[in-house]
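**Student:** Sharing a structure below in structure tokens format, with a few things to ask.
Every number here is computed from the coordinates shown, using simple stated rules; none is lab data. Just so we're clear, the structure is a prediction, and the values are computed from it rather than from any experiment. As a convention, Cβ positions derive from the backbone with ideal geometry for all residues, glycine included, and neighbour counts pool all protein chains shown.
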2 protein chains.
Amino acid sequence: MAGRRSDATRAAILVAARERFASDGYERATIRSIAADADIDPSMVMRYYGNKEKLFAAAAEFDLQLPDVSAVPPGEVGAALARHFLHRWEGDDTLTALLRASATNEAAADRMRDLFGAQLLPVVAAVCPDPAEAPRRAGLVASQMLGLALCRFVLRLPPVVGMPAAEAAAWVGPTIQRYLTERSSDT
Amino acid sequence: MAGRRSDATRAAILVAARERFASDGYERATIRSIAADADIDPSMVMRYYGNKEKLFAAAAEFDLQLPDVSAVPPGEVGAALARHFLHRWEGDDTLTALLRASATNEAAADRMRDLFGAQLLPVVAAVCPDPAEAPRRAGLVASQMLGLALCRFVLRLPPVVGMPAAEAAAWVGPTIQRYLTERSSDT
DNA sequence: AACGTTTGCCAACGTGTGTTGGCATCGACT
DNA sequence: AGTCGATGCCAACACACGTTGGCAAACGTT
């Protein structure tokens, strides 16, 4: 049952869906436009993915593939994470699709929160001094990385778009590092 | 000609529009729902604002009211800006509306870029060492502040929502400060 | 060659949208 | 009292959307 004849169609739909969701957001990415991109009839999308909601769920499946932080020196985790994030974001529409959609679609926002809790939080908890502070620290890390992605891939602020990835990582790295390990600065 | 009879209606529409745009985004905030919130007929919205696009333009008009940075010591500008941003964001739906909408609506994204270039950039240029670096530095400041707003008001990441404004500002302040004045770290 | 299953397209439905024009009502002014 | 513009609601338009059911062609199996 490995190579069914419709697998190519299924995949083409998924690629087109990711592109449309990434560039248009959830509501403006129509089933019809996705089907047109995949050179296929809209009803095929329904047959293979049930409805728009499920199609998005399939298209927004994502693994951050965060590296094993115990392998890098404690002082360089921030820089490593910054580089990894930026690298993971470029050349894959999935995260941009998820980010754009999560601004207006509650299911997408849920997915984003899941991704945060299930993938980023554990890594942060493994590095930061007090485990009780891990959620807040992870939230701060998320705010910087998502903010950078927002300005670079969604809002397309010219100076942020024009910045080479290496330079962006060099700027943001120390910020992440501070959020991870610097002693708490609660007022 | 100060107090026309329809001014209350106009204002009510604007308030309802801001709330809807802030909570639903551009496409899901319908003229009908806005009119219902304002206890008015949908056609009134059209008569007073022309069309949905212009209504949004009116509802998303915003002034950051950034403070005069020459009045604060150079080392505290970051903290001052962080506090000001957070304070300006709470209790006013306009910025959240603009942020949510700019993820899927190009006109809103344009407005966001305008706001960046016309209001944030000059302030950054007045503080940072080399004027040529001002755009990039302002972009970094925007990435952190917008990212925080995204996590706090749009995605509603629990740890970021639960953080008191003062604590958030205390964490983010030094980041802004570094983006503003720390010597360039281009690779 | 004949069968059933899979893959695909077409036409249509019901719904919600932005938007428009016409008609009643209210207020001010003569 | 009568006129006129401002204010408001109702009904409807045209359109795009997600979604559905039926029918033709292609395929694999016997």
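**Student:** Given Cβ point charges of +1 (Lys, Arg) and -1 (Asp, Glu) and nothing else, what value in debye, to the nearest 20, does the dipole of chain A about its Cα centre take?
**Tutor:** Computed charge dipole of chain A: roughly 320 debye.
**Student:** What whole-number distance in Å separates the alpha-carbon centres of segment B:85-100 and segment B:8-51?
**Tutor:** After rounding, the separation between the Cα centres reads 18 Å.
**Student:** Right, next: If you fit an axis through the alpha-carbon atoms of helix B:93-102 and take the longest principal axis of the Cα set of chain B, what angle between them do you get, 0 to 90°, nearest 10?
**Tutor:** It works out to around 90 degrees.
**Student:** Might you report the magnitude of the Cβ-based charge dipole of the protein assembly as shown about its Cα centre, with Lys and Arg at +1 and Asp and Glu at -1, to the nearest 20 debye?
**Tutor:** Roughly 620 debye, rounded to the nearest 20.
**Student:** Can I ask one more? Could you give each residue of segment A:109-118 its phi-based ³J(HN,Hα) in whole Hz, using Karplus coefficients 6.51, -1.76, 1.60 with θ = phi - 60°, and x for Gly or Pro?
**Tutor:** 5, 4, 4, 5, 5, 4, 4, 4, x, 8
**Student:** Please report, in whole Å³, the volume per residue of the convex hull around the C-alpha atoms of segment B:34-151.
**Tutor:** 120 Å³
**Student:** If you don't mind, another one. Which of rounded, prolate or oblate describes segment A:2-59 when judged by the alpha-carbon gyration tensor and an a/c cut-off of 1.5?
**Tutor:** Cα axes put segment A:2-59 in the prolate bin.
**Student:** Counting only other chains, and only Cβ atoms inside 10 Å, what mean value do you get across the residues of B:15-25?
**Tutor:** 1
**Student:** Also, quick follow-up: Quick one: check the C-alpha center-to-center distance for segment A:148-187 versus segment B:126-173, whole angstrom.
**Tutor:** 10 Å
**Student:** Which longest run of chain B has no exposed loop site in it, a site being trypsin sites (Lys or Arg not before Pro) in a DSSP loop with at most 16 other beta carbons within 10 Å, and the site itself not part of the run?
**Tutor:** Longest gap between qualifying sites, sites excluded: B:6-155.
**Student:** Using a 10 Å cut-off around each Cβ, can you sort B:ILE40, B:ILE176, A:ILE34 from fewest to most neighbouring Cβ atoms?
**Tutor:** Lowest count first: B:ILE40, B:ILE176, A:ILE34.
**Student:** A further question follows. Determine the relative contact order of chain B: mean sequence separation of Cα pairs under 8 Å and six or more apart, normalised by residue count, in whole percent.
**Tutor:** Relative contact order here is 24 percent.
**Student:** Here's another thing I want to ask about it. Once you place label points 7 Å from the Cα toward the Cβ at B:ARG88 and B:ALA11, how far apart are they in nm?
**Tutor:** It is 2.4 nm.
**Student:** If you don't mind, there's one more thing I want to ask. With θ taken as phi - 60° and the coefficients 6.51, -1.76 and 1.60, list the Karplus ³J(HN,Hα) couplings across segment A:66-77 in order, rounded to whole Hz; mark glycine and proline as x.
**Tutor:** 5, x, 6, 6, 5, 7, 9, x, x, x, 10, 4
**Student:** If each residue's Cβ is checked for other Cβ atoms within 10 Å, how do B:THR94, A:THR104 rank with the fewest at the top?
**Tutor:** In order of increasing Cβ crowding within 10 Å: B:THR94, A:THR104.
**Student:** Compute the acute angle (0 to 90°) between the alpha-carbon long axis of helix A:7-28 and the principal axis of greatest extent of the alpha-carbon atoms of chain A; round to the nearest 10°.
**Tutor:** 60 degrees
**Student:** For segment B:20-96, what class follows from the C-alpha gyration tensor (a ≥ b ≥ c being the square roots of its eigenvalues): rounded when a/c is under 1.5, otherwise prolate if a/b is larger than b/c, else oblate?
**Tutor:** Judged from the Cα gyration tensor, segment B:20-96 comes out prolate (a/c at least 1.5, a/b above b/c).
**Student:** To the nearest 0.05, what FRET efficiency results for A:ARG156 and A:ASN51 with a Förster distance of 35 Å applied to their C-beta separation?
**Tutor:** The value I calculate is 0.70.
**Student:** What nm distances, shortest first, do you get from the label point of A:GLU182 to those in the other copies when the point sits 7 angstrom along Cα to Cβ?
**Tutor:** Counterpart label points of A:GLU182 in the remaining copies fall at 0.7 nm.
**Student:** As I understand it, the value is the acute angle between the Cα axis of helix A:165-181 and the longest principal axis of the Cα atoms of chain A; what does it come to in degrees, rounded to 10?
**Tutor:** 60 degrees
**Student:** Rounded, prolate or oblate, given the Cα gyration tensor of the protein assembly as shown, with a/c below 1.5 counting as rounded?
**Tutor:** oblate
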